[in-house]
Amino acid sequence: MQQPWIASPDAAPALAFADAHWDASDVLRLGAELERGFGLTTQQRAAVLTQAELRQRATRRWGEHSDGLFLTREGLEQATRPLLARWRAERLRGYGVQAIADLGCGLGLEARAMTSAGIRVSAIELDAETAALAAANLHDRNADVRLGDVTQPAVLEPVLAEVDAVFLDPARRDPTAPRSIDGLSGHRVSDPSRWSPPWPWITALAARQPRTVAKVAPGIDHALIPEGGAAVWAAVDGDLLEASIWFPGFEPTASRACLDLDQGSAAWLDDRMPAAEDICSVGDYLLDVAPVVTRSHLVTTLAAAIAAARIDEHIGYLTTDSAPQPSPFHHAHRVLEVLPFERKRVGAAVAAHGAGSLTVMKRGINLDTEALRRHWLARSKGSAALVVALTRIGNAPTAIICQA
């Protein structure tokens, strides 16, 4: 596999300079300095500037330094957050995995986390440019990168013979879809049978190697969770990012779980925990449940954990009469008023409570919340920060006005 110029020692001084002097508002000046100081060709300058831009974007997106990674635009969009990659790698190591196949490794960021956890990685990537950059990202680590199509037995079988587990992150973008101005595919493929590799192929592989884990979209159908396996929905700082399917060879103790990570801690819920099925009228506090909890169908588990109740069996709002402890799994708001949803009546109530800023959120009801927010706020004079939650309780459209 040929090393790309950008990952070669010849490019390193110019790339270090661009990283140190990056200024998105004056890229032309930086390009001129690269030409004068390093004698780069037009193509080489473009490659250096692209890498510097992508590293800056990665650092902002991840909340941690990109650590000299070699990136592509599409690879960055699809890459796992480093915090999540480290969590998964440590979990794999906790299951005793010593050598793993990373099938469709992309830029090798998951593989980097796995090698840092002490796992040997055999990686395969279909795209030649991406594979070359993955090899650069995994340089001097306990990993190797091979170019090939994982669905071809001649490519797959030698790797499976070397490992005791498999990781996949199937591509979920349509490669034939029109590209946006930044070169990215704008069309996500929701049908698992059209992923690359497709879900039926993944399940057939897992029948042979049950210690298989697949990163999937958070909207994954619960019916795809294999018997004896598990799904974990994961968020970072409240931002729902992905789900992962752990096949039965890992012998998971719960079939559904959700996780929220930040730099210092992890919050966890799973379906082994007690659940509270109670439904009651809106109390002193309204709790807007985080998407990672609703996607994993663990709302009643969260209710039991925080001594709350649902306001409706189909709605992801909880309520309680006492202030709950802070949690990444919900946002709590002090309730001011509950009333039937009528546009003028709710607008009058918002004005009566003196809204100066307003957030309108909805669950179980189809409305243009931004239009309502502007309409109500324009007719209010005050300084209070308010939240209006629009929902259905039973069959009744309802507005819940809260302190922000």
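The values are calculated or read from the model by the stated rules, or taken from the named source; none is laboratory data. Source: prediction; values computed, not measured. Because the Cβ atoms are built from the backbone with ideal geometry, glycine has one as well, and the counts that use them run over all protein chains shown.
Under 8 Å between Cβ atoms, which residue pairs at least 6 apart in sequence (or on different chains) link something in the range 341-357 that is in the same structural domain as residue 390 (by TED's automatic domain parsing) with a partner that is of a type in the set (Phe, Trp, Tyr)? Final answer for the pair search is 346/376; 347/376; 350/376; 351/376; 355/376. Name every residue in the range 44-90 that is among the small types (Gly, Ala, Ser) and at pLDDT 95 or above, in order of residue number. Hits for the range 44-90 are 46, 47, 52, 58, 85, 89. Checking each residue in the range 89-102 for being within 22 Å of residue 131 (Cα to Cα) and either buried (at least 22 other Cβ atoms within 10 Å of the Cβ) or not aliphatic (A, V, I, L, M) (or both) picks out 89, 100, 101, 102. Of 390, 377, 372, all but one fail to be surrounded by 16 or more Cβ atoms within 10 Å (Cβ to Cβ) and either closer than 21 Å to residue 300 by Cα or among the β-branched types (Val, Ile, Thr) (or both); the exception is 390.
Listed by first and then second residue, the pairs with beta-carbon distance under 9 Å, at least 6 apart or on different chains, first residue in the range 93-113 and free of Cβ contacts under 8 Å to residues at least 40 places away in the same chain, second aromatic (Phe, Trp, Tyr) and part of a strand (DSSP E or B), are 111/167.
Kindly indicate whether residue 149 is within 23 Å of residue 203 (Cα to Cα), in contact (Cβ under 8 Å) with a residue 60 or more places away in the chain and either touching a helix residue (DSSP H, G or I) at 6+ places or on another chain (Cβ under 7 Å) or outside any loop (DSSP other than H, G, I, E, B) (or both). No: the conditions fail for residue 149. Taking the criterion of being under 19 Å from residue 76 (Cα atoms) and part of a loop (DSSP other than H, G, I, E, B), the residues of the range 1-52 that qualify are 4, 22. Restrict the check to the range 310-323 and report whether at least one residue is touching a residue at least 40 places away in the same chain (Cβ under 8 Å) and over 30 Å from the mean Cα position of the chain (by Cα). There is no residue in the range 310-323 that is touching a residue at least 40 places away in the same chain (Cβ under 8 Å) and over 30 Å from the mean Cα position of the chain (by Cα). Here is the figure for the range 349-396: residues that are in contact with a strand residue (DSSP E or B) (Cβ under 7 Å, 6 or more places away or on another chain) and not in a loop (DSSP other than H, G, I, E, B) total 26. Within the range 76-98, being within 25 Å of residue 3 (Cα to Cα) and either in contact with a helix residue (DSSP H, G or I) (Cβ under 6 Å, 6 or more places away or on another chain) or hydrophobic (A, V, I, L, M, F, W, C) (or both) holds for 76, 79, 80, 82.
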